[in-house]
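**Q** First, the structure itself, so that you have it in front of you.
The values are calculated or read from the model by the stated rules, or taken from the named source; none is laboratory data. A quick note: this is a predicted structure, and the numbers were derived from the prediction, not measured. All Cβ positions, glycine included, derive from the backbone under ideal geometry; neighbour counts span all protein chains shown.
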Amino acid sequence: MNNKQHTIKKSVTLSGVGLHTGVVSTMTFLPAPPNHGYKFQRVDLPGQPIADADVDHVVDISRGTTIEHNGARINTVEHVLAAMVGCQVDNVLIQLDGPEPPIMDGSSIKFVEAILDAGLEEQAANRKFFELTEEVRYKDLERGVELAALPHSDYRLTVMVDYNSKFLSSQHANLTHITQFNEDFAKCRTFCFVHELEALYNAGLIKGGDLSNAVVIADRDYSEEELEHLAMVLGKPKVSVSKEIGVLNNVSLHYKNEMARHKLLDMVGDLALVGRPIKAQILAARPGHAANVALAKKIKKLMLEADKNQVPKYDPKQTPILTHERIYQLLPHRYPFQMVDKIMYLDDESVVGIKQVTMNENYFMGHFPNNPVMPGVMQVEAMAQTGGILVLSSVPDPENYWPYLVAIENCRFRKNVTPGDTVIFKCTLSSPIRRGIAKMHGTAYVAGQVVCEADMTASLVRKS
């Protein structure tokens, strides 16, 4: 896998009908800066809202994965995201003028071709892998579904399906390296059984589906009357079933195990919603979107816990992300209450700030004479100011907002902080920022040891 982050060199556009909505849409991939991740933008809606591709934003998993965030709802995101992962693209803005990406031929290949046509551009930032260190499992015994994510130094997936069907027996597919995806998996199409078609149609789904963008499998022999009714549902003059492989209208399969390969494709796309490239071995028996999303949520929970417990490293020679001059512009605090010297790391979910504690701090005059100890409230204040930078970074015009601390919970002081200490503050969002309210966990470190931690809630208020 690539070690550096990548985006695309230029924008590229595709158009087509959505599988489940039947709405024609135009989709454009645009280059994005480092640490941007995958974001969808509904340019057809007022304000052109942007939705982060995040498993916390999944709102529907009926025959596809739907996300909704900031008022933007996007259906069936998995094929597009699978293409991004397969091409090892980390940062891209995906603009849509409708509710669903075009289905194209029912696979990811057209998206892969568009990405490769745009070209890949290496970025300076390193990729932030999440390497699993313990097993994660999901089971649905009633459906015979079982997924396991195991520790591994690379990204590997194995998918097994068994539908107890006359034409679709047990199949499996393996991806041992992500570079296999484009050649061996990207062109594998979505599929369903004949008996599911009418139920999906009556449920208002597959409005854009036809026999050119999905493989339809017969699970038994069908009479002429049943095939005529099926043709009416599909809007076709006539349909037939291949006697050899049980596929409608004699569609040729790309692989004997195309269905298992497509399930693997779906899983790659759904697991992209974890938010970072994963290092793990995934074993899946009869996976589907519900199981994939459930596993992704479990993995993301572990990732956030690992981030929370990871001690940030500070190199004084490293160039800060934000210097004290920029912090001065963003935060309203002034001497002697500006408590953050520089910001060393900042992304959408976390921030790392530095405070050099010197004997010149005025509170040491009384706290305490002959035994200078940094007051706990000052430690929390410095941590809150660091978190304020994180919250302000969520809006495009941070200079126009006040960051207010509205709650402190579960605060603990572990060790004394004294003159000469370098305090590293790390704040990580506990949940996505909603309506200007941010919940975060803050931790302060000195020499690799936790000295203070707290759960904090902040509110962004526009300046009047």
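**Q** Could you list, in sequence order, the residues of region 356-367 that are within 14 Å of Phe337 (Cβ to Cβ) and either assigned to a helix (DSSP H, G or I) or at pLDDT 95 or above (or both)?
**A** Asn362, Tyr363 - these are the residues of region 356-367 that are within 14 Å of Phe337 (Cβ to Cβ) and either assigned to a helix (DSSP H, G or I) or at pLDDT 95 or above (or both).
**Q** When the residues of region 319-348 are narrowed to those that are assigned to a helix (DSSP H, G or I) and of a type in the set (A, V, I, L, M), which ends up farthest from Val391 (Cα to Cα)?
**A** For region 319-348, the residue satisfying everything is Ile327.
**Q** Right, another one. Has region 65-75 got at least one residue that is more than 26 Å from Asn213 (Cα to Cα) and of a type in the set (S, T, N, Q)?
**A** Among the residues of region 65-75, at least one is more than 26 Å from Asn213 (Cα to Cα) and of a type in the set (S, T, N, Q), which makes the answer yes.
**Q** For region 390-402, does any single residue satisfy the condition of being of a type in the set (Phe, Trp, Tyr), surrounded by fewer than 15 Cβ atoms within 10 Å (Cβ to Cβ) and out of contact with any Cys (no Cβ under 9 Å at 6 or more places or on another chain)?
**A** Looking through region 390-402, at least one residue is of a type in the set (Phe, Trp, Tyr), surrounded by fewer than 15 Cβ atoms within 10 Å (Cβ to Cβ) and out of contact with any Cys (no Cβ under 9 Å at 6 or more places or on another chain).
**Q** Quick one: how many residues across region 154-191 are modelled with pLDDT under 95 and assigned to a loop (DSSP other than H, G, I, E, B)?
**A** Result for region 154-191: 11.
**Q** Related question: As an exercise: evaluate Lys207 against (1) basic (Lys, Arg); (2) modelled with pLDDT of 80 or more; (3) assigned to a loop (DSSP other than H, G, I, E, B) and give the number of the one condition it does not meet.
**A** Only one criterion in (1) basic (Lys, Arg); (2) modelled with pLDDT of 80 or more; (3) assigned to a loop (DSSP other than H, G, I, E, B) is unmet by Lys207, namely (2).
**Q** Any chance you could count how many residues in region 1-30 are loosely packed, with under 15 Cβ neighbours inside 10 Å and part of a strand (DSSP E or B)?
**A** 4
Each row is one residue, and each column tells you yes or no for (1) at pLDDT 95 or above; (2) on the phi > 0 side of the Ramachandran plot; (3) in a strand (DSSP E or B).
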site: Pro312; (1), (2), (3): no, no, no
site: Lys317; (1), (2), (3): no, no, no
site: Pro369; (1), (2), (3): no, no, no
site: Met374; (1), (2), (3): yes, no, no
site: Val377; (1), (2), (3): yes, no, no
site: Thr386; (1), (2), (3): yes, no, no
site: Ile408; (1), (2), (3): yes, no, yes
site: Gly420; (1), (2), (3): yes, yes, no
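**Q** Now, a different point. Among the listed residues Thr358, Thr323, identify the single one that is more than 28 Å from the chain's Cα centre (by Cα), hydroxyl-bearing (Ser, Thr, Tyr) and closer than 25 Å to Asn416 by Cα.
**A** Of the residues listed, the single one that is more than 28 Å from the chain's Cα centre (by Cα), hydroxyl-bearing (Ser, Thr, Tyr) and closer than 25 Å to Asn416 by Cα is Thr358.
**Q** Right, here's the next one. Among the residues of region 350-373, count how many are over 20 Å from Asp315 (Cβ atoms) and in contact with a Ser or Thr (Cβ under 7 Å, 6 or more places away or on another chain).
**A** 2
**Q** Got a sec? Which of Ala149, Ala51 is touching a strand residue (DSSP E or B) at 6+ places or on another chain (Cβ under 8 Å), at negative phi and in the same structural domain as Tyr255 (by TED's automatic domain parsing)? Walk me through it before giving the result.
**A** Working: Ala51 fails: in the same structural domain as Tyr255 (by TED's automatic domain parsing).
Just one listed residue meets the conditions, Ala149.
Rundown of residues vs (1) buried (at least 19 other Cβ atoms within 10 Å of the Cβ); (2) in contact with a Lys or Arg (Cβ under 8 Å, 6 or more places away or on another chain), yes/no style:
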residue: Val77; (1), (2): yes, no
residue: Ala82; (1), (2): yes, no
residue: Asn91; (1), (2): yes, no
residue: Glu100; (1), (2): yes, no
residue: Asp105; (1), (2): no, yes
residue: Leu150; (1), (2): no, no
residue: Ser165; (1), (2): no, no
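**Q** Among the residues of region 394-405, which ones are part of a strand (DSSP E or B), over 15 Å from Ala382 (Cα atoms) and among the hydrophobic types (A, V, I, L, M, F, W, C)?
**A** Trp402 - this is the single residue of region 394-405 that is part of a strand (DSSP E or B), over 15 Å from Ala382 (Cα atoms) and among the hydrophobic types (A, V, I, L, M, F, W, C).
**Q** Follow-up question, since we're still on this one. Can you pull out every residue in region 221-253 that is at pLDDT 75 or above and part of a loop (DSSP other than H, G, I, E, B)?
**A** Asp221, Tyr222, Ser223, Pro237, Lys238, Val239, Ser240, Ser252, Leu253
Per-residue answers, yes or no, for (1) touching a residue at least 60 places away in the same chain (Cβ under 8 Å); (2) out of contact with any helix residue (DSSP H, G or I) (no Cβ under 6 Å at 6 or more places or on another chain):
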{"residue": "Thr386", "(1), (2)": "no, yes"}
{"residue": "Cys411", "(1), (2)": "no, yes"}
{"residue": "Ile424", "(1), (2)": "yes, yes"}
{"residue": "Leu429", "(1), (2)": "yes, yes"}
{"residue": "Ala438", "(1), (2)": "no, no"}
{"residue": "Thr443", "(1), (2)": "yes, yes"}
{"residue": "Val446", "(1), (2)": "no, yes"}
{"residue": "Cys452", "(1), (2)": "yes, no"}
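**Q** If I ask for residues that are within 30 Å of Asp117 (Cα to Cα) and aliphatic (A, V, I, L, M), which ones from region 131-185 would you list?
**A** Leu157, Val159, Ala173, Leu175, Ile178
**Q** Enumerate the pairs (first residue in region 172-200 and over 13 Å from Lys263 (Cα atoms); second residue anywhere and assigned to a strand (DSSP E or B) and at pLDDT 95 or above) with beta-carbon separation below 7 Å, excluding pairs fewer than 6 apart on the same chain, so at least 6 apart or on different chains.
**A** Thr176/Arg156; Ile178/Tyr155
**Q** Same structure again: Given the criterion at pLDDT 95 or above and closer than 19 Å to Ile115 by Cβ, identify the matching residue among His6, His36.
**A** Going through His6, His36 in turn, the sole match is His6.
**Q** Can you spot a residue in region 430-438 that is farther than 22 Å from Trp402 by Cβ and not aliphatic (A, V, I, L, M)?
**A** no
**Q** Do we find that Asn213 is buried (at least 18 other Cβ atoms within 10 Å of the Cβ), at pLDDT below 95 and not acidic (Asp, Glu) in this structure?
**A** Answer is yes for this residue.
**Q** Same structure, new question: For region 272-288, what are the residues that are surrounded by 22 or more Cβ atoms within 10 Å (Cβ to Cβ) and farther than 15 Å from Lys128 by Cα?
**A** Hits for region 272-288 are Ile282, Ala284, Pro287.
**Q** On to the next question. Quick one: in region 32-58, which of the residues that are part of a loop (DSSP other than H, G, I, E, B) and hydrophobic (A, V, I, L, M, F, W, C) is farthest from the chain's Cα centre (by Cα)?
**A** Leu45
**Q** Hey, among the residues in region 425-464 that are of a type in the set (Lys, Arg) and within 23 Å of the chain's Cα centre (by Cα), which one's nearest to Ala382 (Cα to Cα)?
**A** If we take residues in region 425-464 being of a type in the set (Lys, Arg) and within 23 Å of the chain's Cα centre (by Cα), then Lys426 is nearest to Ala382 (Cα to Cα).
**Q** So Glu121 fits all but one of (1) under 16 Å from Thr7 (Cα atoms); (2) out of contact with any Cys (no Cβ under 7 Å at 6 or more places or on another chain); (3) crowded, with 20+ Cβ neighbours inside 10 Å; what number is the exception?
**A** (3) is the only condition that Glu121 fails.
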